[in-house]
Amino acid sequence: MKERGVGTGIFLAVLAAAFYSLSVPLSKVLLDYMPSTLMAGFLYLGAGAGMLLLAPLRRLKGAKTGEQKLTKRELPYVIAMIVLDIAAPVCLLFGLRYATAANVSLLNNFEIVATAVVALAVFHEKISLRLWVGILFVTLSCALLSLEDVSGLQFSFGSLFVLAACVCWGIENNCTRKISSKDPLEIVLLKGIFSGAGSLCIGLTLGERVQFLWSVFAVMGVGLVAYGLSIFFYVHAQRLLGAARTSAYYAVAPFLGTLLSVLIFRQLPAPLYYVALALMAVGAWLSAGDRPLFRRKKKEVPQEQPCDRQK
């Protein structure tokens, strides 16, 4: 892999993070107007609808993408990806009801830990010592953010749901990595339509209903940018960096989300938050400063001389 490809991968991962950072603070606002499970559905449907619009535009331009289509071989990863993308945002939005937007934004970095552990344990992706140290700092930060009462060591109910969402997304990141060589537009389209439809069905079954029609378009707009475009660029980044390292560079999203949350809600976090913020910053810096472990090129085997072939 060339350094130029690595630079492009980093840029795409950070761009994806910037788009996703809009999700938590804007979703916190919109939760006052739409139930959480239905919102999860419309967020992903917004992503899928955006890709439906992008596909014809790409054909009109006559661009030859050379992208490969998904096949039956990738079906298990596609199904797992869709199921996890139903569970993760539902857990996240449920947790967002019981935790501050700033805390939830920062807790999202636990996705680095989940992604790296699954990448190592299941898919045998190499992880450097530096990245492991970064993961340790992120985990310590998440533990502090999850504490509701430090003296009694009681964990926040909302934070636990956010961490569950991160675990789901960590597994899903690795499933997406296995199909990242395929057309990203097709991947996001499948995520958006099927994950969105699944969440909507669950929400309607639970008795949730849309009370404000305008909220549907607002949520889908957030989904288009924060989920659709974000996932689109994230998949491209995974091709160049791998699952664990893409997640590490993606760690900038919670910091941007935290800043937006403070600006929108004008609520300063508790003192413990700043300790967690410092730990998270160190962990993200260590993780983002990691470099891919490239395979060495095989030595060229000398060509056999004509006399060697004669017996």
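The values are calculated or read from the model by the stated rules, or taken from the named source; none is laboratory data. Keep in mind it's a predicted model, so treat the numbers as computed, not measured. Note that we place each Cβ from the backbone using ideal geometry, even for glycine, and neighbour counts take in every protein chain shown. Quick note on the areas: whole protein, heavy atoms, side chains included, nothing else; ligands and nucleic acids left out. Shrake-Rupley method; radii C 1.70, N 1.55, O 1.52, S 1.80 Å.
General observations
- Across segment 110-150, the number of residues qualifying as touching a strand residue (DSSP E or B) at 6+ places or on another chain (Cβ under 8 Å) and part of a helix (DSSP H, G or I) comes to 1.
- Put simply, of ALA102, ALA88 the only residue that is of a type in the set (A, V, I, L, M, F, W, C), open to solvent by less than 60 Å² (accessible area, probe 1.4 Å) and modelled with pLDDT under 85 is ALA102.
- Within segment 138-169, the set of residues being open to solvent by 30 Å² or more (accessible area, probe 1.4 Å), small (Gly, Ala, Ser) and modelled with pLDDT under 85 comprises ALA143, SER151, GLY152.
- Flag if THR8 is assigned to a helix (DSSP H, G or I), among the hydroxyl-bearing types (Ser, Thr, Tyr) and surrounded by fewer than 21 Cβ atoms within 10 Å (Cβ to Cβ): yes
- For segment 55-77, the criterion of being of a type outside the set (Phe, Trp, Tyr) and touching a Cys at 6+ places or on another chain (Cβ under 9 Å) is met by at least one residue.
- Some residue of segment 124-137 being more than 30 Å from LEU38 (Cα to Cα), open to solvent by less than 30 Å² (accessible area, probe 1.4 Å), modelled with pLDDT of 85 or more and under 19 Å from the mean Cα position of the chain (by Cα): yes
- Only one entry in GLU172, GLU111 is acidic (Asp, Glu), closer than 21 Å to ALA284 by Cα and open to solvent by less than 10 Å² (accessible area, probe 1.4 Å), namely GLU172.
- Hey, ARG239 open to solvent by 30 Å² or more (accessible area, probe 1.4 Å) and either free of Cβ contacts under 8 Å to residues at least 40 places away in the same chain or assigned to a helix (DSSP H, G or I) (or both) or not: yes
- Residue ID - farthest from the chain's Cα centre (by Cα), chosen from residues in segment 262-284 that are of a type outside the set (A, V, I, L, M) and in a helix (DSSP H, G or I): PRO271
- Flag for VAL216 being modelled with pLDDT of 90 or more and either in a helix (DSSP H, G or I) or open to solvent by less than 10 Å² (accessible area, probe 1.4 Å) (or both): yes
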